[in-house]
Amino acid sequence: MTFVTHSAEETILLGKKIGSKLQPGAIIAMEGTLAAGKTTITKGIAEALGIDETITSPTFTLISEYEGTYPLYHMDVYRLDSSEDFINLGVEDLMYGDGISIIEWSERVRDELPASTITLRLEIRQDGGRNIHLENWPYGEIES
C-alpha cells in the first residue's frame, strides 16, 4: 500500500490509522533518509496506542520505551556498527514480547528481523510531501 501525505499533521494521522490496527508483537522496520518523517509517523502510532508522552527520535538513547495500550519500543539503530550490536542491546526480549517495536534505520539490521516484519518506507517528494509505502501489512485495508 502506498500513501501520500502533504504535512506533518497528515503523516501523524496516517500513523494513527496504522497504530490503531497493530497487535502485540508487531515489528515495524522504518526506512527513509534523514527528515523523511520516521519519527513523525511514530508520533501518530503512539497516539493510537494511548501514549501521551512526547515522542522524540531515540538517536542517542537508542531505545525509548513508552507505556500505552501496548508497550511501544522505539529504536534507532543509526549509530550502531553491526547487527551484533543490535542483538547485544537485548532487543530480542522487546521484539518478541507483548509490545509494538518500531525500528528506525532498520536497513542496518534487516538480517536480524523476522520475516513477519512490517516495512514502512518513507520518501520525500519534490513538492515537500511524503510517499509512504507500507509492505508486508497483515491487518487489512487502511482508509486514505
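The values are calculated or read from the model by the stated rules, or taken from the named source; none is laboratory data. From a predicted model like this one, the values you see are computed outputs, not experimental measurements. Quick reminder, even Gly has a Cβ in these numbers, built from the backbone with ideal geometry, and neighbours come from all protein chains shown. Please note that ligands, DNA and RNA were not included when accessible areas were found on the heavy atoms of the full protein model with its side chains. Shrake-Rupley method; radii C 1.70, N 1.55, O 1.52, S 1.80 Å.
When we screen 82, 101 for residues that are polar (S, T, N, Q) and touching a residue at least 12 places away in the same chain (Cβ under 8 Å), the only hit is 101.
Of all residues in the stretch 87-106, those satisfying the criterion of being open to solvent by less than 40 Å² (accessible area, probe 1.4 Å) and either at pLDDT 85 or above or at positive phi (or both) are 90, 99, 100, 101, 102, 103, 104, 105, 106. Within the stretch 33-53, restricting attention to residues that are touching a Leu at 6+ places or on another chain (Cβ under 8 Å) and either farther than 17 Å from residue 4 by Cα or without any contact (Cβ under 8 Å) to a residue 12 or more places away in the chain (or both), the residue that is most open to solvent (accessible area, probe 1.4 Å) is 48.
The criterion of being touching a residue at least 60 places away in the same chain (Cβ under 8 Å) and open to solvent by 10 Å² or more (accessible area, probe 1.4 Å) holds for residue 1. For the stretch 66-86, residues that are at pLDDT 90 or above and either under 14 Å from the mean Cα position of the chain (by Cα) or part of a strand (DSSP E or B) (or both) total 5.
The set of residues in the stretch 107-144 that are surrounded by 15 or more Cβ atoms within 10 Å (Cβ to Cβ) and hydrophobic (A, V, I, L, M, F, W, C) comprises 109, 113, 118, 120, 122, 124, 132, 134, 137.
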